[in-house]
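> Here's a structure for you.
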Amino acid sequence: MSVKVVKFGGSSLADANQFKKVADIIRSDSERRFVVPSAPGKRFKEDTKVTDMLYSCYELSSAGKDINEEFSKIKERYNGIINDLGIDLSLEKEFNEIEFCFKAKSGRDYAASRGEYLNGIVLAAYLGYTFIDAAEVIFFDDNGSFMLDKTITAIREKTENIENAVIPGFYGMTLNGTIKTFSRGGSDVTGSIVARAVRASIYENWTDVSGFLIADPRIVDNPDVIDTITYKELRELSYMGATVLHEDAIFPVRTAGIPINIRNTNDPTAAGTMIVPEDSGENSSKTTITGIAGKKGFCAINIEKAMMNSEIGFVKKILDILYNNHLSFEHIPSGIDTMSIVLSSAELEGKENLLLSQIRKEVQPDHLEVEHNIALLAVVGRRMYKTRGTAARVFAALAHNRINIKMIDQGSSEMNIIVGIGESDFEQAIRCIYEIFVD
């Protein structure tokens, strides 16, 4: 029988009513055998996520302050869910252990992980599933690097004779016995790892949206849902700011060829978005582009020097300067006598004058300046390389809206076009590109 791994985000498990929706979804398909939960998210706009409550509580404890009031709120949150679900379960032992470890300063990773840990216990009890502590099967080395092979082996051994199980997301354990978390959104990664380990036919990622949207709904009103997207496209969009799925969650299932289905807990009949290894053509995108995403907060170091292209080692000298200052770059568009280095403004902060001084000393440019307040916008789509005039339509849309393009970059795969624009034009640029391709 094929196996499905299902991951539920914090909004899907925010309260008892959401728990009931999740249980109905799981029980409606016998192939949904392994469940990866996040910590309870916000129940309403002004609410606080449990993970943030745990962070705050731990900070108070680390400062030597009393945590009784803050910790009581965390206990009330879980006990409220348990009581509303009507299950016979007490977490007092776990609460006492967590409180003790907080006072013993067990670390921020330990504190953050307890949200998923406790939620996993509650969900397992409600479903009648086996609870597997992620610390028993997800491993990091002593430097904090994830150990994929050891983890896969451990999960397979642990689940070999288990029909159904709940494995909390977000955390694991180092070889020296310390709790270690993935970055925020890391429950997506756990779900992907579990899917690979149990050789799942599909990894379902349940959240509060009905799939991956073509554009940010905070910018474009009611953007269309992407029916099918490839791993490569998702990687491009995630890197440029799209946040439905943690970008590191792609890799464990990608190598195994396992598709990901993003679904909506509050609308389980919606098909959502299928993330697939390659486009089979059967579910090809209805539009030329697959998605639009972008970020603000970039700057460009613009360098001009006559005969730059004839000077051997010119680019290497610039890259060495960046390396020595621990700076990474996003793009390096160039001409015969010009070169621009696009990098994060936050990374450059405090280093700008030193960097410019070193560039002047090393390559003696004719002109050197830094341009701030740049946004990068990516138009991504696997069908773009087959469609004539795609770039022309992008640039025409921007020109029609009087948006000046500061930089253009296109990958060799022709799957994406990246443009640099002023931050003040960012939202309008996304809207006008969406309109010309989708509306």
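> All but one of (1) under 17 Å from the mean Cα position of the chain (by Cα); (2) modelled with pLDDT under 95 hold for Ser2, so report the exception by its number.
Answer for Ser2: the failing condition is (1).
> I would also like to ask the following. Between Ala399, Ala375, Ala392, which is in contact (Cβ under 8 Å) with a residue 24 or more places away in the chain and either part of a strand (DSSP E or B) or surrounded by fewer than 16 Cβ atoms within 10 Å (Cβ to Cβ) (or both)?
Ala375
> Looking at the structure I just gave you, is Ile162 open to solvent by less than 10 Å² (accessible area, probe 1.4 Å) and either closer than 26 Å to Arg43 by Cα or among the aliphatic types (A, V, I, L, M) (or both)?
Here the answer is no, as Ile162 does not meet what is asked.
> If we scan the range 37-49, do we find a residue that is touching a strand residue (DSSP E or B) at 6+ places or on another chain (Cβ under 7 Å) and touching a residue at least 40 places away in the same chain (Cβ under 8 Å)?
Scanning the range 37-49, I find at least one residue that is touching a strand residue (DSSP E or B) at 6+ places or on another chain (Cβ under 7 Å) and touching a residue at least 40 places away in the same chain (Cβ under 8 Å), so the answer is yes.
> In addition: Inspect the range 319-338 for any residue being touching a His at 6+ places or on another chain (Cβ under 6 Å) and closer than 30 Å to Arg431 by Cβ and give the result as yes or no.
Looking for residues that are touching a His at 6+ places or on another chain (Cβ under 6 Å) and closer than 30 Å to Arg431 by Cβ, one finds none in the range 319-338, hence no.
> What single numbered condition from (1) touching a residue at least 24 places away in the same chain (Cβ under 8 Å); (2) open to solvent by 10 Å² or more (accessible area, probe 1.4 Å) fails to hold for Gly120?
In the conditions (1) touching a residue at least 24 places away in the same chain (Cβ under 8 Å); (2) open to solvent by 10 Å² or more (accessible area, probe 1.4 Å), Gly120 misses (2) alone.
> Count, please, the residues in the range 257-273 that happen to be surrounded by fewer than 18 Cβ atoms within 10 Å (Cβ to Cβ) and either over 20 Å from the mean Cα position of the chain (by Cα) or among the basic types (Lys, Arg) (or both).
Looking only at that region, the number is 6.
> If you don't mind, there's one more thing I want to ask. Output the residues belonging to the range 1-55 that are aromatic (Phe, Trp, Tyr) and not in a loop (DSSP other than H, G, I, E, B).
If the condition is that a residue be aromatic (Phe, Trp, Tyr) and not in a loop (DSSP other than H, G, I, E, B), then Phe8, Phe19, Phe34, Tyr55 are the ones that fit.
> Further, regarding this structure: Within the set of pairs 6 or more residues apart or between chains, which connect a residue that is under 15 Å from Ile359 (Cα atoms) inside the range 311-339 to a residue that is assigned to a strand (DSSP E or B) and open to solvent by 50 Å² or more (accessible area, probe 1.4 Å) with Cβ atoms less than 6 Å apart?
Partner pairs satisfying both residue conditions: Thr338/Glu304.
> Can you find even one residue in the range 62-80 that is open to solvent by less than 60 Å² (accessible area, probe 1.4 Å), of a type in the set (Val, Ile, Thr), modelled with pLDDT of 95 or more and in a helix (DSSP H, G or I)?
Checked the range 62-80: at least one residue is open to solvent by less than 60 Å² (accessible area, probe 1.4 Å), of a type in the set (Val, Ile, Thr), modelled with pLDDT of 95 or more and in a helix (DSSP H, G or I).
> What are the pairs, 6+ residues apart or on separate chains, where a residue within the range 17-35 that is more than 19 Å from Pro168 (Cβ to Cβ) has its Cβ under 6 Å from a residue that is open to solvent by 80 Å² or more (accessible area, probe 1.4 Å)?
Between residues of the range 17-35 that are more than 19 Å from Pro168 (Cβ to Cβ) and residues that are open to solvent by 80 Å² or more (accessible area, probe 1.4 Å), there is no close pair.
> I'm trying to understand the selection: among the residues of the range 282-310, which are open to solvent by 30 Å² or more (accessible area, probe 1.4 Å), touching a residue at least 12 places away in the same chain (Cβ under 8 Å), out of contact with any Ser or Thr (no Cβ under 6 Å at 6 or more places or on another chain) and farther than 29 Å from Gly241 by Cβ?
Result: Lys305, Ala306, Met307, Asn309.
> For the structure I just gave you, tell me whether Ser106 is of a type outside the set (Lys, Arg), in contact with a strand residue (DSSP E or B) (Cβ under 8 Å, 6 or more places away or on another chain), in a loop (DSSP other than H, G, I, E, B) and buried (at least 17 other Cβ atoms within 10 Å of the Cβ).
Against the criterion (of a type outside the set (Lys, Arg), in contact with a strand residue (DSSP E or B) (Cβ under 8 Å, 6 or more places away or on another chain), in a loop (DSSP other than H, G, I, E, B) and buried (at least 17 other Cβ atoms within 10 Å of the Cβ)), Ser106 qualifies.
> Between residues in the range 54-76 that are over 13 Å from Ala111 (Cα atoms) and residues that are modelled with pLDDT of 95 or more and open to solvent by 70 Å² or more (accessible area, probe 1.4 Å), which pairs lie under 9 Å by C-beta distance while being six or more apart or on different chains?
As it stands, the answer is Lys65/Glu59; Lys75/Glu92, since those pairs meet every condition given.
> Just wondering, is there one or more residues in the range 77-85 that are under 24 Å from Lys21 (Cβ atoms) and among the hydroxyl-bearing types (Ser, Thr, Tyr)?
Yes, the range 77-85 contains a residue that is under 24 Å from Lys21 (Cβ atoms) and among the hydroxyl-bearing types (Ser, Thr, Tyr).
> Kindly indicate the residue of the range 168-180 that is on the phi < 0 side of the Ramachandran plot and open to solvent by 10 Å² or more (accessible area, probe 1.4 Å) and also nearest to the chain's Cα centre (by Cα) among those meeting that condition.
Among those that are on the phi < 0 side of the Ramachandran plot and open to solvent by 10 Å² or more (accessible area, probe 1.4 Å), it is Lys180.
> If only one of Ala112, Ala154 is more than 22 Å from the chain's Cα centre (by Cα) and either open to solvent by less than 40 Å² (accessible area, probe 1.4 Å) or of a type in the set (A, V, I, L, M) (or both), which one is it?
Ala154
The values are calculated or read from the model by the stated rules, or taken from the named source; none is laboratory data. Everything numeric in this text was worked out from a predicted model, so none of it was measured. As a convention, Cβ positions derive from the backbone with ideal geometry for all residues, glycine included, and neighbour counts pool all protein chains shown. Note: areas computed on protein heavy atoms with side chains; ligands, DNA, RNA excluded. Shrake-Rupley method; radii C 1.70, N 1.55, O 1.52, S 1.80 Å.
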